[in-house]
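Taking it in order: structure first as C-alpha coordinates, then the write-up.
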Amino acid sequence: MGDLEFREATLDDATFSADVQTAVFPTRPTDPVIERYWWEQPDDTFVSRRWIVQRDGQDIGVAAFDHPAWARLQVPHGDIYGDLLPDQRDSVSLQVLIAEMERRLTADGAKRIAVRANEDDEVRIAAIVGRGFGEDRRGRRWVLDLAENRERIDRMTRQSRDRMRTEGIELLTLDRERDLEKYRKVWRMNEEASQDVPTTLPIVEESFDDTMRWLRQPGMHEDRFWIAREGEEVVGVSVLEYPPVRGIVGTAWTATARRVRGRGIARALKCETLMQAIALGVDRVRTGNDGANDPILHINASMGYKPWVGSINFLKDVSGLL
(Lines give C-alpha, C1' and ligand atoms only; values in the text may rest on other atoms or scores of the structure.)
Protein backbone atom coordinates (compact mmCIF):
# COMPACT_ATOMS: atom_id res chain seq x y z
CA MET A 1 0.00 0.00 0.00
CA GLY A 2 3.03 2.30 -0.26
CA ASP A 3 2.93 5.01 2.39
CA LEU A 4 -0.86 5.05 2.62
CA GLU A 5 -2.79 3.48 5.50
CA PHE A 6 -6.52 2.83 5.73
CA ARG A 7 -8.59 2.99 8.91
CA GLU A 8 -12.26 2.12 9.18
CA ALA A 9 -14.40 5.24 8.83
CA THR A 10 -16.95 6.15 11.49
CA LEU A 11 -20.02 8.35 11.25
CA ASP A 12 -17.98 11.24 12.62
CA ASP A 13 -15.85 11.10 9.45
CA ALA A 14 -18.75 11.94 7.13
CA THR A 15 -18.05 15.68 7.19
CA PHE A 16 -14.37 15.08 6.42
CA SER A 17 -15.42 12.94 3.46
CA ALA A 18 -17.60 15.76 2.12
CA ASP A 19 -14.75 18.23 2.67
CA VAL A 20 -12.28 16.07 0.72
CA GLN A 21 -14.66 15.73 -2.21
CA THR A 22 -15.36 19.48 -2.17
CA ALA A 23 -11.65 20.35 -2.04
CA VAL A 24 -10.95 18.13 -5.06
CA PHE A 25 -14.01 19.29 -7.03
CA PRO A 26 -14.84 22.82 -5.80
CA THR A 27 -17.19 23.48 -8.73
CA ARG A 28 -19.33 20.51 -7.57
CA PRO A 29 -19.36 20.80 -3.76
CA THR A 30 -20.52 17.86 -1.64
CA ASP A 31 -23.02 18.75 1.08
CA PRO A 32 -21.90 17.46 4.53
CA VAL A 33 -25.45 17.10 5.86
CA ILE A 34 -26.54 14.93 2.94
CA GLU A 35 -23.29 12.94 3.14
CA ARG A 36 -23.83 12.18 6.83
CA TYR A 37 -27.46 11.25 6.25
CA TRP A 38 -26.51 8.56 3.73
CA TRP A 39 -23.76 7.24 5.99
CA GLU A 40 -26.39 6.82 8.74
CA GLN A 41 -28.84 4.87 6.63
CA PRO A 42 -29.15 1.11 6.42
CA ASP A 43 -29.70 -0.18 2.91
CA ASP A 44 -31.75 -3.12 1.73
CA THR A 45 -30.05 -3.25 -1.63
CA PHE A 46 -26.36 -2.28 -1.30
CA VAL A 47 -23.44 -3.19 0.94
CA SER A 48 -21.09 -0.25 1.63
CA ARG A 49 -17.65 -0.07 3.29
CA ARG A 50 -15.73 3.15 3.97
CA TRP A 51 -12.22 4.04 5.09
CA ILE A 52 -10.19 7.14 5.90
CA VAL A 53 -6.86 7.29 4.09
CA GLN A 54 -3.87 8.32 6.19
CA ARG A 55 -0.28 9.29 5.56
CA ASP A 56 2.14 9.70 8.46
CA GLY A 57 -0.78 9.46 10.86
CA GLN A 58 -2.71 12.30 9.23
CA ASP A 59 -6.12 11.98 7.55
CA ILE A 60 -5.59 12.87 3.90
CA GLY A 61 -8.41 11.21 2.00
CA VAL A 62 -11.34 8.84 1.80
CA ALA A 63 -11.90 5.46 0.16
CA ALA A 64 -14.92 3.21 -0.22
CA PHE A 65 -16.63 0.49 -2.16
CA ASP A 66 -20.23 -0.59 -2.50
CA HIS A 67 -22.02 -3.36 -4.28
CA PRO A 68 -25.50 -4.82 -4.57
CA ALA A 69 -26.16 -7.70 -2.20
CA TRP A 70 -24.60 -10.67 -3.99
CA ALA A 71 -27.84 -12.68 -3.83
CA ARG A 72 -29.39 -10.11 -6.20
CA LEU A 73 -26.81 -10.62 -8.95
CA GLN A 74 -25.85 -13.30 -11.43
CA VAL A 75 -22.34 -11.84 -11.87
CA PRO A 76 -21.14 -10.00 -8.73
CA HIS A 77 -20.09 -6.42 -9.45
CA GLY A 78 -19.35 -3.31 -7.43
CA ASP A 79 -17.99 0.24 -7.51
CA ILE A 80 -14.92 1.72 -5.89
CA TYR A 81 -14.55 5.32 -4.79
CA GLY A 82 -12.00 7.51 -3.12
CA ASP A 83 -9.83 10.57 -3.38
CA LEU A 84 -7.11 12.54 -1.64
CA LEU A 85 -6.80 16.16 -0.56
CA PRO A 86 -5.31 18.31 -3.34
CA ASP A 87 -1.91 18.77 -1.66
CA GLN A 88 -1.62 14.98 -1.27
CA ARG A 89 -3.03 14.05 -4.66
CA ASP A 90 -0.89 12.57 -7.41
CA SER A 91 -1.32 9.73 -9.87
CA VAL A 92 0.90 7.31 -7.93
CA SER A 93 -0.94 7.84 -4.63
CA LEU A 94 -4.33 7.58 -6.32
CA GLN A 95 -3.25 4.37 -8.01
CA VAL A 96 -2.29 2.93 -4.61
CA LEU A 97 -5.71 3.91 -3.24
CA ILE A 98 -7.55 2.40 -6.20
CA ALA A 99 -5.47 -0.79 -6.03
CA GLU A 100 -6.32 -1.27 -2.36
CA MET A 101 -10.05 -0.75 -2.90
CA GLU A 102 -9.89 -3.10 -5.88
CA ARG A 103 -8.17 -5.73 -3.72
CA ARG A 104 -10.72 -5.42 -0.92
CA LEU A 105 -13.75 -5.48 -3.20
CA THR A 106 -12.36 -8.49 -5.08
CA ALA A 107 -11.77 -10.28 -1.78
CA ASP A 108 -15.39 -9.52 -0.89
CA GLY A 109 -16.52 -11.42 -3.98
CA ALA A 110 -16.74 -8.98 -6.90
CA LYS A 111 -16.04 -10.24 -10.41
CA ARG A 112 -16.40 -6.89 -12.19
CA ILE A 113 -15.42 -3.49 -10.78
CA ALA A 114 -16.37 0.01 -11.90
CA VAL A 115 -14.71 3.33 -11.08
CA ARG A 116 -15.33 6.86 -12.34
CA ALA A 117 -13.42 10.02 -13.19
CA ASN A 118 -14.25 13.45 -14.53
CA GLU A 119 -13.26 13.65 -18.19
CA ASP A 120 -10.84 16.52 -17.46
CA ASP A 121 -9.16 14.83 -14.47
CA GLU A 122 -5.94 13.65 -16.10
CA VAL A 123 -4.34 12.63 -12.79
CA ARG A 124 -7.20 10.32 -11.79
CA ILE A 125 -7.65 8.93 -15.29
CA ALA A 126 -3.95 8.02 -15.42
CA ALA A 127 -4.26 6.21 -12.08
CA ILE A 128 -7.33 4.27 -13.22
CA VAL A 129 -5.90 3.29 -16.59
CA GLY A 130 -2.67 2.34 -14.84
CA ARG A 131 -4.63 -0.27 -12.91
CA GLY A 132 -5.86 -1.88 -16.12
CA PHE A 133 -9.37 -0.44 -16.25
CA GLY A 134 -10.91 0.23 -19.65
CA GLU A 135 -13.37 2.95 -20.61
CA ASP A 136 -16.95 1.69 -20.47
CA ARG A 137 -19.28 4.62 -21.13
CA ARG A 138 -19.56 8.39 -20.69
CA GLY A 139 -21.88 10.54 -18.67
CA ARG A 140 -23.04 13.99 -19.72
CA ARG A 141 -23.43 16.87 -17.27
CA TRP A 142 -25.21 20.13 -17.89
CA VAL A 143 -25.78 23.45 -16.12
CA LEU A 144 -28.64 25.89 -16.70
CA ASP A 145 -28.47 29.62 -15.98
CA LEU A 146 -32.01 30.35 -14.77
CA ALA A 147 -31.78 34.13 -15.11
CA GLU A 148 -30.48 33.92 -18.68
CA ASN A 149 -33.13 31.39 -19.69
CA ARG A 150 -36.09 32.57 -17.62
CA GLU A 151 -38.21 33.72 -20.57
CA ARG A 152 -37.54 30.49 -22.48
CA ILE A 153 -38.47 28.35 -19.47
CA ASP A 154 -41.58 30.40 -18.77
CA ARG A 155 -42.73 30.03 -22.39
CA MET A 156 -42.06 26.28 -22.40
CA THR A 157 -43.90 25.88 -19.08
CA ARG A 158 -47.03 27.62 -20.39
CA GLN A 159 -46.96 25.49 -23.53
CA SER A 160 -46.47 22.31 -21.50
CA ARG A 161 -49.33 23.17 -19.14
CA ASP A 162 -51.65 23.63 -22.11
CA ARG A 163 -50.57 20.29 -23.55
CA MET A 164 -50.98 18.47 -20.21
CA ARG A 165 -54.55 19.76 -19.92
CA THR A 166 -55.24 18.43 -23.41
CA GLU A 167 -53.61 15.10 -22.54
CA GLY A 168 -55.59 14.75 -19.32
CA ILE A 169 -52.45 14.83 -17.17
CA GLU A 170 -52.45 16.56 -13.78
CA LEU A 171 -49.20 18.03 -12.45
CA LEU A 172 -48.84 18.58 -8.72
CA THR A 173 -46.32 18.33 -5.90
CA LEU A 174 -46.15 15.20 -3.80
CA ASP A 175 -47.29 16.96 -0.62
CA ARG A 176 -50.60 17.86 -2.34
CA GLU A 177 -51.31 14.28 -3.43
CA ARG A 178 -53.89 12.80 -1.02
CA ASP A 179 -53.69 9.20 -2.23
CA LEU A 180 -52.47 7.10 0.70
CA GLU A 181 -50.68 4.84 -1.80
CA LYS A 182 -48.74 7.70 -3.40
CA TYR A 183 -45.32 6.61 -2.12
CA ARG A 184 -45.76 3.05 -3.35
CA LYS A 185 -46.97 4.35 -6.72
CA VAL A 186 -43.88 6.57 -7.02
CA TRP A 187 -41.68 3.60 -6.03
CA ARG A 188 -43.22 1.27 -8.62
CA MET A 189 -43.03 3.87 -11.39
CA ASN A 190 -39.40 4.69 -10.51
CA GLU A 191 -38.40 1.04 -10.60
CA GLU A 192 -39.93 0.57 -14.04
CA ALA A 193 -38.20 3.68 -15.38
CA SER A 194 -34.81 2.90 -13.84
CA GLN A 195 -34.61 -0.34 -15.81
CA ASP A 196 -34.58 1.74 -19.02
CA VAL A 197 -31.58 3.90 -18.05
CA PRO A 198 -28.70 3.08 -20.43
CA THR A 199 -26.07 1.06 -18.56
CA THR A 200 -23.57 -1.75 -18.90
CA LEU A 201 -23.91 -3.32 -15.47
CA PRO A 202 -27.47 -4.34 -14.51
CA ILE A 203 -29.52 -1.96 -12.37
CA VAL A 204 -30.73 -3.73 -9.24
CA GLU A 205 -34.29 -3.07 -8.13
CA GLU A 206 -34.55 -1.08 -4.92
CA SER A 207 -36.89 -1.80 -2.06
CA PHE A 208 -39.77 0.42 -1.02
CA ASP A 209 -37.80 1.33 2.11
CA ASP A 210 -34.87 2.42 -0.08
CA THR A 211 -37.19 4.80 -1.90
CA MET A 212 -38.57 6.21 1.35
CA ARG A 213 -35.04 6.88 2.63
CA TRP A 214 -34.30 8.69 -0.63
CA LEU A 215 -37.45 10.80 -0.31
CA ARG A 216 -36.53 11.76 3.26
CA GLN A 217 -32.95 12.81 2.66
CA PRO A 218 -32.19 16.44 3.66
CA GLY A 219 -32.00 17.77 0.10
CA MET A 220 -35.48 16.58 -0.85
CA HIS A 221 -38.77 18.34 -0.13
CA GLU A 222 -42.20 16.94 -0.90
CA ASP A 223 -43.47 20.40 -1.82
CA ARG A 224 -40.76 20.51 -4.52
CA PHE A 225 -41.23 16.93 -5.71
CA TRP A 226 -43.37 17.06 -8.85
CA ILE A 227 -45.52 14.18 -10.03
CA ALA A 228 -47.71 13.62 -13.08
CA ARG A 229 -50.98 11.82 -12.52
CA GLU A 230 -53.26 10.23 -15.08
CA GLY A 231 -56.44 9.12 -13.38
CA GLU A 232 -55.35 7.37 -10.19
CA GLU A 233 -51.88 6.47 -11.44
CA VAL A 234 -48.56 8.28 -10.98
CA VAL A 235 -47.04 8.30 -14.47
CA GLY A 236 -44.10 10.67 -14.04
CA VAL A 237 -41.85 12.40 -11.51
CA SER A 238 -39.21 15.09 -11.46
CA VAL A 239 -37.41 16.53 -8.47
CA LEU A 240 -34.52 18.86 -7.75
CA GLU A 241 -32.21 18.27 -4.80
CA TYR A 242 -31.58 21.39 -2.68
CA PRO A 243 -28.34 20.99 -0.67
CA PRO A 244 -28.94 22.45 2.82
CA VAL A 245 -25.33 23.63 3.45
CA ARG A 246 -23.38 23.82 0.20
CA GLY A 247 -23.65 22.70 -3.37
CA ILE A 248 -25.57 23.42 -6.54
CA VAL A 249 -29.27 22.66 -6.84
CA GLY A 250 -29.59 19.80 -9.30
CA THR A 251 -31.91 17.24 -10.82
CA ALA A 252 -32.16 14.22 -8.53
CA TRP A 253 -34.40 12.24 -10.88
CA THR A 254 -36.80 12.65 -13.79
CA ALA A 255 -38.74 9.70 -15.16
CA THR A 256 -42.00 8.66 -16.78
CA ALA A 257 -43.86 5.38 -17.07
CA ARG A 258 -43.23 3.54 -20.33
CA ARG A 259 -46.84 3.70 -21.47
CA VAL A 260 -47.00 7.52 -21.44
CA ARG A 261 -43.69 8.38 -23.09
CA GLY A 262 -43.77 10.64 -26.10
CA ARG A 263 -46.51 12.86 -24.68
CA GLY A 264 -44.30 15.64 -23.29
CA ILE A 265 -44.74 14.68 -19.64
CA ALA A 266 -41.03 14.64 -18.72
CA ARG A 267 -40.57 18.11 -20.24
CA ALA A 268 -43.64 19.43 -18.42
CA LEU A 269 -42.42 18.10 -15.08
CA LYS A 270 -38.93 19.52 -15.55
CA CYS A 271 -40.43 22.89 -16.43
CA GLU A 272 -42.39 22.94 -13.17
CA THR A 273 -39.28 22.17 -11.12
CA LEU A 274 -37.37 24.97 -12.85
CA MET A 275 -40.12 27.58 -12.47
CA GLN A 276 -40.32 26.71 -8.80
CA ALA A 277 -36.52 27.02 -8.46
CA ILE A 278 -36.67 30.48 -10.04
CA ALA A 279 -39.38 31.50 -7.56
CA LEU A 280 -37.16 30.27 -4.71
CA GLY A 281 -34.27 32.45 -5.87
CA VAL A 282 -32.06 29.73 -7.35
CA ASP A 283 -29.67 31.13 -9.96
CA ARG A 284 -28.62 27.91 -11.70
CA VAL A 285 -29.28 24.18 -11.68
CA ARG A 286 -27.26 21.20 -12.83
CA THR A 287 -28.19 17.84 -14.23
CA GLY A 288 -26.47 14.71 -15.48
CA ASN A 289 -27.37 11.83 -17.77
CA ASP A 290 -25.81 8.86 -19.46
CA GLY A 291 -24.34 9.90 -22.78
CA ALA A 292 -26.61 7.43 -24.60
CA ASN A 293 -29.87 8.75 -23.12
CA ASP A 294 -30.90 10.70 -26.21
CA PRO A 295 -34.45 11.71 -25.20
CA ILE A 296 -33.44 13.48 -21.99
CA LEU A 297 -30.33 14.98 -23.64
CA HIS A 298 -32.63 16.54 -26.25
CA ILE A 299 -34.89 17.99 -23.55
CA ASN A 300 -31.91 19.49 -21.71
CA ALA A 301 -30.58 21.16 -24.85
CA SER A 302 -33.97 22.61 -25.75
CA MET A 303 -34.29 24.17 -22.29
CA GLY A 304 -30.98 26.01 -22.57
CA TYR A 305 -28.75 23.73 -20.54
CA LYS A 306 -25.08 24.11 -21.47
CA PRO A 307 -22.61 21.21 -21.40
CA TRP A 308 -20.44 20.93 -18.30
CA VAL A 309 -17.53 18.65 -17.47
CA GLY A 310 -18.72 15.10 -18.04
CA SER A 311 -17.67 11.82 -16.47
CA ILE A 312 -16.09 8.59 -17.69
CA ASN A 313 -17.02 5.21 -16.26
CA PHE A 314 -14.27 2.59 -16.31
CA LEU A 315 -14.73 -1.15 -15.92
CA LYS A 316 -12.45 -4.09 -15.12
CA ASP A 317 -13.04 -7.81 -15.11
CA VAL A 318 -11.36 -9.27 -12.02
CA SER A 319 -12.88 -12.75 -12.22
CA GLY A 320 -9.52 -14.29 -13.08
CA LEU A 321 -7.60 -12.55 -10.29
CA LEU A 322 -8.90 -14.60 -7.34
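The values are calculated or read from the model by the stated rules, or taken from the named source; none is laboratory data. This structure is a prediction, so every number in the text was calculated from the model and none was measured. Positions of Cβ are generated from backbone atoms using ideal geometry, with glycine treated the same way; all protein chains shown enter the neighbour counts. Accessible surface areas use protein heavy atoms only, side chains included; no ligands, DNA or RNA. Shrake-Rupley method; radii C 1.70, N 1.55, O 1.52, S 1.80 Å.
Taking only the C-alpha atoms of segment 227-306, the Rg (one decimal) and the largest Cα-Cα distance, Dmax (whole number), read 13.0, 39 Å.
Using the Cα atoms of segment 76-168 to build a convex hull, what is its mean projected area in square nanometres? Show your work: numbers first, answer last.
Details: hull surface 42.3 nm².
Answer in nm², one decimal: 10.6.
A Förster distance of 30 Å, applied to the separation of the beta-carbon atoms of residue 259 and residue 154, puts the FRET efficiency at 0.50. The phi torsions of segment 72-89, fed into the Karplus equation with coefficients 6.51, -1.76 and 1.60 and a -60° offset, translate into couplings of 8, 10, 7, 10, x, 9, x, 10, 10, 9, x, 6, 10, 4, x, 6, 10, 9 Hz, rounded to whole numbers, with Gly and Pro shown as x. Between residue 91 and residue 221, the simple spin-label model (points 7 angstrom out along Cα→Cβ) gives 4.5 nm. To the nearest 0.05, what FRET efficiency results for residue 40 and residue 184 with a Förster distance of 30 Å applied to their C-beta separation? Computed FRET efficiency for residue 40 and residue 184: 0.80.
Amide H contacts for residue 47 (H built 1.01 Å from N in the peptide plane; partners 5 or more residues away or on another chain; cut-off under 5 Å): 67, 69. The angle between the Cα long axis of helix 14-24 and the main principal axis of the chain comes to about 90°, on a 0 to 90 degree scale. Around the amide H of residue 253, modelled in the peptide plane, lie the amide H atoms of 239, all under 5 Å away and 5 or more residues distant in sequence or on another chain.
The 3J(HN,Hα) values that the Karplus relation (6.51, -1.76, 1.60; θ = phi - 60°) gives for segment 30-43 are, in residue order, 9, 7, x, 5, 5, 4, 5, 4, 5, 5, 6, 7, x, 9 Hz. Gly and Pro appear as x. Residue-wise HN-Hα couplings along segment 286-295, as the Karplus relation 6.51 cos²θ - 1.76 cosθ + 1.60 with θ = phi - 60° gives them from phi, are 10, 7, x, 8, 4, x, 9, 8, 4, x Hz; Gly and Pro carry x. Atom-type composition of the exposed protein surface of the chain places 47 percent of the accessible area on carbon and sulfur (1.4 angstrom probe). Note on surface exposure: 200, 157, 22 rank 200, 22, 157 by accessible area, highest first, 1.4 Å probe.
Accessible surface for segment 214-322, divided over its residues, is 41 Å² per residue with a 1.4 Å probe. By the Kirkwood approach, averaging reciprocal distances over each pair of separate Cα atoms, segment 169-260 gets a hydrodynamic radius of 13.8 Å.
Over segment 247-288, what portion of Cα pair distances is larger than 12 Å, expressed as a whole percent?
On the way: 544 of 861 pairs.
Tail fraction, whole percent: 63.
Please report the projected area of segment 168-322's Cα convex hull averaged over all directions, in nm².
Working: hull surface 45.3 nm².
Its Cα hull, projected and averaged over all orientations, spans 11.3 nm².
Considering only alpha-carbon pairs that sit under 8 angstrom and 6 or more positions apart, the relative contact order computed for segment 1-101 is 28 percent. The Cα atoms of segment 1-102 give a gyration tensor whose axes a ≥ b ≥ c have a/c of 1.5 or more with a/b no greater than b/c, which makes the shape oblate. Which residues in segment 165-196 place their backbone N less than 18 Å from a point set 7 Å from the Cα of residue 232 along the Cα-to-Cβ direction? Under 18 Å, as judged by backbone N against the label point of residue 232, lie 169-170, 177-189 of segment 165-196. A viscosity of 1.567 mPa s and a temperature of 4 °C, combined with the Kirkwood radius over Cα pairs in Stokes-Einstein, give a translational diffusion coefficient for segment 148-199 of 94 µm²/s.
I need to check one value: relative contact order of segment 92-209, counting alpha carbon pairs closer than 8 Å and at least 6 residues apart, in percent.
Across segment 92-209, relative contact order equals 20 percent.
For residue 74 and residue 317, the difference between the fully extended length at 0.36 nm per residue and the C-alpha to C-alpha distance is 86.0 nm. For residue 316, the lysines whose Cα comes closer than 27 Å to its Cα, not counting residues fewer than 8 places off in the same chain, are 111. The helix-only estimate of mean residue ellipticity at 222 nm for the chain, built from DSSP H runs of length n ≥ 4 each weighted as -39500 (n - 2.57), is -11000 deg cm²/dmol after division by the residue total.
Spin-label model, residue 107/residue 56: points 7 Å from Cα along the beta carbon direction are separated by 2.7 nm. In summary, the lysines within cross-link reach of residue 270, defined as a Cα separation below 29 angstrom excluding same-chain residues under 8 places away, comprise 182, 185, 306.
Evaluating kT/(6 pi eta Rh) at 10 °C and 1.306 mPa s, with the Kirkwood radius of the chain over Cα pairs in the Stokes-Einstein relation, gives 76 µm² s⁻¹.
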